Amino acid sequence: MSRVFERQVLDSLPITIYTVDADGRITSANRSWSRFAAANGAPELADERALVGQSIFDAIADPLAREQIERAMQLLRTGRAPTLTWEFPCSSPDTERIFLMQISPLHGENGDASANGIAGFVFSTVDITASHKSREALIDTGIALSRTIALDRVFTEVGQQVRRAVGCDAFAIAVAADDAQSGDAAVLRIAHQFGFEDPDGHAADVAALERELAPAWRDAIASGAVAVRHAARGLELTAPMVSAKGALGAITVVADAIESPQRLDEAERVLATLAAQTAVAIERAWLVRRVEHKRRLEAIGEVAAGVAHELRNPLFGISSAAQLLRFRTKEDPVVEKNVGRILREVERLNRMVTALLEYGRPNALQLAPGDPDAVWDDVLESQRGRLESRALLLRRTRADRPARCLMDAEQLAQVFVNVLFNAVDAAPEASDLTLSSTTLANGAWRCRLTNGGPPIPAEALARAFEIFFSTKTGGTGIGLALCQRIMDEHGGTITLESSADCGTTVTIALPGAAEADGRSEVGGGNEPVRRATN
């Protein structure tokens, strides 16, 4: 009965197991050997009973494999290793598979590991093709991403390796839309996706897909681990892409071919590693882009400062000559009209020259810890008359607790004034402006200023921060470019969104101060709104 039970146990194992005596003669083999041999083009070895009594070296055709087994058995006889494992390929007409070989000694009655104590050896082989492919994909991804500094190329490379490593039917890579420090899944946007379709077989609407996947992104980011859920499309795995600064995004895959808990565990580990590699590559691409942008701004600033310096003296001369002409021809209305036009244009050019000098030769930042909302308080108080002149209602929501950011209050106020002027100019008279600020969990601060004016055209929105680009009549096109430069120097961000439904929103974000400790929790709230009248 015992031998029958042993046979049943051996045959139930999903791996090939066979034993040999101390001289290498096969003493037993489970039935998986038959299936393995038949599947790999060796039908003469398919009957495990016919193997018994044969030498293991006769059953193995590859001389290199025989030599490797001989060395392994010798090491085990001498006790220099308790067990030995290695991988080997096994080709068939249809595919290339990878197996793991393990050899362990069978000890005699005395139980020691001397040569006399070895009664035989146990050979086992496991199909690790899927794991091997996953490992190769991870290595290939690491090598490819280490050379990639373009964001589009990062997404393409990761998408290819995700499909290879996990064997998924669909995947989506989502990246933080506002600032990478927020860790807020609500602002993730799909940067690259494949395989998602609607019930009619058409490509899925990106906005709808983002809403559908947002809960999985939130779960993965909140837990810091792979989130698994059963969705209508199949089994969804979502891994957060996390850096030292926080969550940068998430990767979601849909895979129906995961047939076992072990394979699921492996897919989770592979996806988590791919997500970590992707986060590093995204950070590097962002850093390269910021450096390139900074260098471009510095070059533009040097040219702008040079041009402004050369224009200042001629403009002063033109202004002086025009004023002298006005004094000497007071009674001539035609001359008076044209001189007035000259002086107005000179004044406009002077404003542009001043803005160019500010942009090209900015003052050095004087950073100190502070609350950006306090800067907003001063700006709103000083610009109360501008709001009242257009009967605008400002609805303000403060952060729940004060932020503590390293900032230059004077230059930050310059940014706030500029965006407030733009919002006031764009807002319909007697309408509402909304200003809301938030202190994030990692100490970063973010505010959003929204007006209900007409949307900015997409082509203009894409160029909003370009120097000399302006949609305003008489605008210099320097204000928003200067704002972006100041925010870049603070390590923060400024972005614009505009739509017919929601109006135009400018979002400003600042990182938290590294020395922000002992921050007190104070309650925030909504300030009373003010309605100004003409």
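The values are calculated or read from the model by the stated rules, or taken from the named source; none is laboratory data. Bear in mind the structure is a predicted one, so any value in this text is a computation, not a measurement. When we count neighbours, we look across all protein chains shown, and the Cβ atoms used for this are built from the backbone with ideal geometry, even at glycine. Side chains included, ligands, DNA and RNA excluded: accessible areas come from the protein's heavy atoms. Shrake-Rupley method; radii C 1.70, N 1.55, O 1.52, S 1.80 Å.
With respect to the numbered conditions (1) open to solvent by 50 Å² or more (accessible area, probe 1.4 Å); (2) part of a loop (DSSP other than H, G, I, E, B); (3) touching a Ser or Thr at 6+ places or on another chain (Cβ under 8 Å), which one is the sole condition not fulfilled by residue 388?
Among (1) open to solvent by 50 Å² or more (accessible area, probe 1.4 Å); (2) part of a loop (DSSP other than H, G, I, E, B); (3) touching a Ser or Thr at 6+ places or on another chain (Cβ under 8 Å), residue 388 violates only (2).
Being at pLDDT below 65 and either more than 26 Å from residue 226 (Cα to Cα) or surrounded by fewer than 17 Cβ atoms within 10 Å (Cβ to Cβ) (or both) is true for just one of 94, 198, 152. Which residue is that? Let's see the steps before the verdict.
On the way: 198 fails: at pLDDT below 65; 152 fails: at pLDDT below 65.
Selected residue: 94, the only one of 94, 198, 152 that is at pLDDT below 65 and either more than 26 Å from residue 226 (Cα to Cα) or surrounded by fewer than 17 Cβ atoms within 10 Å (Cβ to Cβ) (or both).
For the range 453-470, what are the residues that are part of a loop (DSSP other than H, G, I, E, B) and either farther than 27 Å from residue 245 by Cβ or among the basic types (Lys, Arg) (or both)? Explain how you work it out, then say what you get.
To start, the set of residues in the range 453-470 that are part of a loop (DSSP other than H, G, I, E, B) comprises 453-457, 463-470.
Answer for the range 453-470, where residues must be part of a loop (DSSP other than H, G, I, E, B) and either farther than 27 Å from residue 245 by Cβ or among the basic types (Lys, Arg) (or both): 453, 454, 455, 456, 457, 463, 466, 467, 468, 469, 470.
Give me the pairs: first residue in the range 285-297 and on the phi < 0 side of the Ramachandran plot, second residue assigned to a helix (DSSP H, G or I) and open to solvent by 60 Å² or more (accessible area, probe 1.4 Å), beta-carbon distance under 7 Å, and six or more apart or on different chains, which are they?
So the pair list comes out as 294/488.
Yes or no: the range 311-325 includes at least one residue that is free of Cβ contacts under 8 Å to residues at least 60 places away in the same chain, out of contact with any Asp or Glu (no Cβ under 8 Å at 6 or more places or on another chain) and of a type in the set (Val, Ile, Thr).
Yes, the conditions are met somewhere in the range 311-325.
Looking at the range 58-90 only, could you name the residues that are closer than 19 Å to residue 106 by Cβ, assigned to a helix (DSSP H, G or I) and open to solvent by 40 Å² or more (accessible area, probe 1.4 Å)?
Once the filter is applied, which keeps residues that are closer than 19 Å to residue 106 by Cβ, assigned to a helix (DSSP H, G or I) and open to solvent by 40 Å² or more (accessible area, probe 1.4 Å), the range 58-90 yields 70, 71, 74, 75, 77.
Would you please list the contacts, defined by Cβ atoms under 6 Å and residues six or more apart or on different chains, that run from a residue in the range 385-400 that is within 14 Å of residue 424 (Cβ to Cβ) to a residue that is β-branched (Val, Ile, Thr) and assigned to a helix (DSSP H, G or I)?
These pairs meet every condition: 386/424.
Might you let me know whether the range 434-454 holds any residue that is within 25 Å of residue 392 (Cβ to Cβ), modelled with pLDDT under 85, open to solvent by 10 Å² or more (accessible area, probe 1.4 Å) and of a type in the set (S, T, N, Q)?
No, there is no match, as no residue in the range 434-454 is within 25 Å of residue 392 (Cβ to Cβ), modelled with pLDDT under 85, open to solvent by 10 Å² or more (accessible area, probe 1.4 Å) and of a type in the set (S, T, N, Q).
Here's the yes/no breakdown for (1) of a type in the set (Phe, Trp, Tyr); (2) modelled with pLDDT under 75; (3) open to solvent by 10 Å² or more (accessible area, probe 1.4 Å); (4) under 30 Å from residue 323 (Cβ atoms):
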site	(1), (2), (3), (4)
344	no, no, yes, yes
348	no, no, yes, yes
355	no, yes, yes, yes
382	no, no, yes, no
392	no, no, no, no
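Among the residues of the range 392-422, write down those that are of a type in the set (Val, Ile, Thr) and either in contact with a strand residue (DSSP E or B) (Cβ under 9 Å, 6 or more places away or on another chain) or part of a loop (DSSP other than H, G, I, E, B) (or both).
The initial filter retains those residues of the range 392-422 that are of a type in the set (Val, Ile, Thr), namely 397, 415, 417, 419.
Across the range 392-422, the qualifying residues are 397, 415, 419.
If you scan the range 245-272, which residues turn out to be more than 12 Å from the chain's Cα centre (by Cα) and either open to solvent by less than 20 Å² (accessible area, probe 1.4 Å) or closer than 14 Å to residue 220 by Cα (or both)?
Going through the range 245-272, the residues more than 12 Å from the chain's Cα centre (by Cα) turn out to be 252-272.
Hits for the range 245-272 are 252, 253, 254, 255, 267, 268, 269, 270, 271, 272.
So if I check each of 302, 310, 331, which one is of a type in the set (D, E, K, R), under 40 Å from the mean Cα position of the chain (by Cα) and surrounded by fewer than 14 Cβ atoms within 10 Å (Cβ to Cβ)? Talk me through it step by step, then tell me what you get.
Values: 310 fails: under 40 Å from the mean Cα position of the chain (by Cα); 331 fails: under 40 Å from the mean Cα position of the chain (by Cα).
The conditions single out 302.
Among the residues that make up the range 274-287, is at least one of them open to solvent by 80 Å² or more (accessible area, probe 1.4 Å) and closer than 26 Å to residue 363 by Cβ?
Of the residues in the range 274-287, the ones open to solvent by 80 Å² or more (accessible area, probe 1.4 Å) are 280, 287.
Filter again for closer than 26 Å to residue 363 by Cβ, leaving 287.
Yes: one or more hits.
Return the residues of the range 418-433 that are open to solvent by 40 Å² or more (accessible area, probe 1.4 Å) and free of Cβ contacts under 8 Å to residues at least 60 places away in the same chain; say none if nothing qualifies.
Across the range 418-433, the qualifying residues are 421, 425, 428, 429, 430, 432.
Anything in the range 423-452 that is of a type in the set (Gly, Ala, Ser) and not in a loop (DSSP other than H, G, I, E, B)? List them, or say none. Quick ask: steps written out before the conclusion?
Start the filter on the range 423-452 by keeping residues that are of a type in the set (Gly, Ala, Ser), which leaves 423, 426-427, 430-431, 436-437, 441, 443-444, 452.
Across the range 423-452, the qualifying residues are 423, 426, 436, 437.
Considering only the range 120-149, state which residues are modelled with pLDDT under 80, over 16 Å from the mean Cα position of the chain (by Cα) and among the hydroxyl-bearing types (Ser, Thr, Tyr). Step through it out loud before you land on a result.
First, the residues of the range 120-149 that are modelled with pLDDT under 80: 126-149.
When the remaining residues are screened for being over 16 Å from the mean Cα position of the chain (by Cα), the result is 126-140, 143-144, 147.
Correct list: 129, 131, 134.
Between a first residue in the range 163-176 that is modelled with pLDDT of 80 or more and open to solvent by less than 10 Å² (accessible area, probe 1.4 Å) and a second residue that is aromatic (Phe, Trp, Tyr) and not in a helix (DSSP H, G or I), which pairs have beta carbons less than 9 Å apart while being 6 or more apart in sequence or on different chains?
Once the first residue is modelled with pLDDT of 80 or more and open to solvent by less than 10 Å² (accessible area, probe 1.4 Å) and sits in the range 163-176, its partners that are aromatic (Phe, Trp, Tyr) and not in a helix (DSSP H, G or I) give 170/194; 170/196; 171/194; 171/196; 172/194; 172/196.
Which of the residues that make up the range 177-195 are modelled with pLDDT of 80 or more, closer than 10 Å to residue 249 by Cβ and among the hydrophobic types (A, V, I, L, M, F, W, C)? I'd like the intermediate steps shown before the answer.
Start the filter on the range 177-195 by keeping residues that are modelled with pLDDT of 80 or more, which leaves 188-195.
With the extra rule that they be closer than 10 Å to residue 249 by Cβ, the set shrinks to 188-191.
Correct list: 188, 190, 191.
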